[in-house]
Amino acid sequence: MKKNKPVEVEIKELSTHDELLIGKKVIGKVTKLSDKKFEVETTDGILGIYKTQDDAYEEALKYWNLNN
């Protein structure tokens, strides 16, 4: 069984979207579509639309964690 290791996630705010990075690897992009719509995109495509930015970040991290 693998041991959980803490991982530092950086959020890089760009003009069109926010990038979530672990080290130098982009694990997801969050784009604000409106006040209550945030789109999450990963290397596999678009995950979905979420109501809050925090929910969008959380889903991107969950997706990365399940696939790595």
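The values are calculated or read from the model by the stated rules, or taken from the named source; none is laboratory data. Being a predicted model, the structure only gives us computed values, none of them experimental. For neighbour counting, all protein chains shown are included, and Cβ atoms are generated from backbone atoms with ideal geometry for every residue, glycine included. Please note that ligands, DNA and RNA were not included when accessible areas were found on the heavy atoms of the full protein model with its side chains. Shrake-Rupley method; radii C 1.70, N 1.55, O 1.52, S 1.80 Å.
State the extension gain, in nm to one decimal, for the chain segment bounded by T52 and I11, taking 0.36 nm per residue of separation less the distance between their alpha-carbons.
Value of the extension gain: 13.2 nm.
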With E39 itself left out, Lys, Arg at +1 and Asp, Glu at -1 over residues whose Cβ is under 10 Å from its Cβ give +2
Within the under-9-Å Cβ sphere about G23, not counting G23, Lys/Arg +1 and Asp/Glu -1 give a net charge of 0
The helix 53-67 Cα axis meets the longest alpha-carbon principal axis of the chain at an angle in degrees, between 0 and 90 and rounded to 10, of 40 degrees
Per the rule of 0.36 nm per residue minus the C-alpha distance, extending D44 to K3 adds in nm 12.1 nm
So the pair-distance distribution of the chain, from every Cα-Cα distance in 10 Å bins, comes to percents of 21, 55, 20, 4, 0
Lys and Arg at +1, Asp and Glu at -1: neighbours of V9 with Cβ under 14 Å from its Cβ sum to -2
With all protein chains present, the chain has a carbon and sulfur share of its accessible area (1.4 Å probe) in percent of 49 percent
Of the residues N68, Y57, I11, the Cα lying farthest along the dipole of the chain towards its positive end, which is defined by charges on the beta carbon of Lys, Arg, Asp and Glu, belongs to N68
